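Scroll down for the structure; my scribbles are underneath it.
The values are calculated or read from the model by the stated rules, or taken from the named source; none is laboratory data. Source: prediction; values computed, not measured. When we count neighbours, we look across all protein chains shown, and the Cβ atoms used for this are built from the backbone with ideal geometry, even at glycine.
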Amino acid sequence: MPSRDIHVALVHLGCARNLIDSENILGRLGQEGFILSGDPGAADVAVLNTCSFIGPAREESEQAIEDLLERKRADQLRAVVVTGCLPEKFRPQIEAQYPEVDAFLGLSDYSNIARVVEDVLRGRKVRGGAGGRAPQGQGEMLRLLQTPRSYAYLRPSHGCDHKCAFCIIPAIRGRQSSKPLATVVAETEGLVRQGVREVVLVAEDTTGYGTDGAAGEARLPELVEAMAAVDGLRWLRVMYAYPNAFPWRLTEVMRAQPEVVPYLDIPIQHISTPVLKRMRRGGNEDSVRRILTRLREEVPGIALRTTVLVGHPGEGEDEFQQLLDFLAEFRFERLGAFAFSPEAETPSGVDQDHCSQEQALERQGAVMELQAGIHAQQQRARVGQELTVLVDESEGDWALARSQADAPEVDALVRIADPGHTWSTGSMLTVRVTAADGYDLIAEAVAPPV
């Protein structure tokens, strides 16, 4: 079948780790000569990469399947391929629910995705492990990046060995499996050759990198040190750091290597010891406080991002108030909040000792309202400061950039007036902050880009 005549649209859902899977799929298809599109209306085949982290994510994935099947029934698509977390974990259910889907592929390296597309176009149903090898511990060199060239995500490992009571990810992604250090460095070099300025490390448990090796020790500091030495890399950012058993030499590396931005994403989930115990997080209030305080002491000026989960079993009004009090006291630079959603096949999912969904959403709103005030104060304090920023894209007469304190997609922007479109994607320049505008900053350039 002449693949060069076939149009394939990829529909992506989910997190940055899932985006890497989507980029792998696109890279494999592009290598085989398929014409790639983001528009299912202009395609012969649609590939949907699903998410099933929480109930709302599964609902979104199922709605996306329904939408694509409607196109197929209307002869606007010849075939629909569903990949990713949803078929990996819930294959029997969704195969029965959506018999019109032409192929279900779980998590893999997607090395066989081109053959799968050709098979479904021949009218064959594809089931089982047809996507390729299990995605454990191997390099990902054929990605077709879907981010601006200013940044790219890189995962040093797959899977997670933690057993948080609310989380289904280990059941989907498997146990910790780290890539060889040299492989991650080679991936970094490949991204930099494509013009990427910032690499963002993302994994289910980034700080667990290397713990599955023979020595059983975390090797994240060693990895970050080696990546920072890659010629041409300007920023390196660490996301998804698990608080317990933190590899403390990482703070030495952050201080010593200017490429490693003073930023850390470290989801604490809660501060109440009884709630943490119910979550099976392995820490308590004192240990969480010690870790966060030490990070600020050892990395001056660090921007700490965290995530909290509200409405979990065991969180009553007192425990929730304790969380609010702590957040008001500690004043994280960046923060996100989730409302508890009972997940099938998890201990928390069958625990009925939790508030209603309405209450959980109210608590989520209260957390984000508190954080909005903290964030606004912190942003106003930056007015008049000079910052180095990285330009991601343009929007009208504005260049949209980020400071070292802001991760892509989840944090604030620095907006720079640029009616002449002077600052291209990937430009790094010095700006002076002139105003805080809601969530974002307004700035003017005071030095040319580099």
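Descriptive notes on the structure:
- Identity of the residue in the range 344-374, under 22 Å from residue 265 (Cβ atoms) and among the charged types (D, E, K, R), that ends up surrounded by the fewest Cβ atoms within 10 Å (Cβ to Cβ): 369
- Which numbered condition residue 320 fails, given (1) of a type outside the set (D, E, K, R); (2) surrounded by 14 or more Cβ atoms within 10 Å (Cβ to Cβ); (3) assigned by TED's automatic domain parsing to the domain that holds residue 429: (3)
- Extreme residue, farthest from residue 19 (Cα to Cα), among residues of the range 102-128 that are part of a loop (DSSP other than H, G, I, E, B) and within 26 Å of the chain's Cα centre (by Cα): 112
- Any hit, the range 420-441, residues being more than 22 Å from residue 338 (Cβ to Cβ), acidic (Asp, Glu), surrounded by 20 or more Cβ atoms within 10 Å (Cβ to Cβ) and not assigned by TED's automatic domain parsing to the domain that holds residue 318: no
- For the range 53-69, the count of residues that are at pLDDT below 90 and touching a Pro at 6+ places or on another chain (Cβ under 8 Å) is nonzero.
- Output for the range 149-195, where each listed residue is crowded, with 20+ Cβ neighbours inside 10 Å, charged (D, E, K, R) and more than 21 Å from residue 105 (Cβ to Cβ): 179, 187
- Residues satisfying the stated conditions in the range 163-195, i.e. among the charged types (D, E, K, R) and assigned to a helix (DSSP H, G or I): 173, 187, 189, 193
- Residue 297 being touching a helix residue (DSSP H, G or I) at 6+ places or on another chain (Cβ under 7 Å) and closer than 25 Å to residue 254 by Cα: no
- The condition of being crowded, with 16+ Cβ neighbours inside 10 Å, in contact with a helix residue (DSSP H, G or I) (Cβ under 9 Å, 6 or more places away or on another chain) and not assigned by TED's automatic domain parsing to the domain that holds residue 57 does not hold for residue 391.
- For the range 268-283, the criterion of being without any contact (Cβ under 8 Å) to a residue 40 or more places away in the chain and under 26 Å from the mean Cα position of the chain (by Cα) is met by at least one residue.
- If the condition is being within 14 Å of residue 177 (Cβ to Cβ) and of a type in the set (Val, Ile, Thr), then the range 190-229 contributes 206, 211.
Conditions (1) free of Cβ contacts under 8 Å to residues at least 24 places away in the same chain; (2) in contact with a Lys or Arg (Cβ under 8 Å, 6 or more places away or on another chain); (3) more than 30 Å from residue 351 (Cβ to Cβ), marked per residue:
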| residue | (1), (2), (3) |
| --- | --- |
| 81 | no, no, yes |
| 84 | no, no, no |
| 89 | no, no, no |
| 111 | no, yes, yes |
| 126 | no, no, yes |
| 149 | no, yes, yes |
| 164 | no, yes, no |
| 177 | no, no, no |
| 186 | no, no, yes |
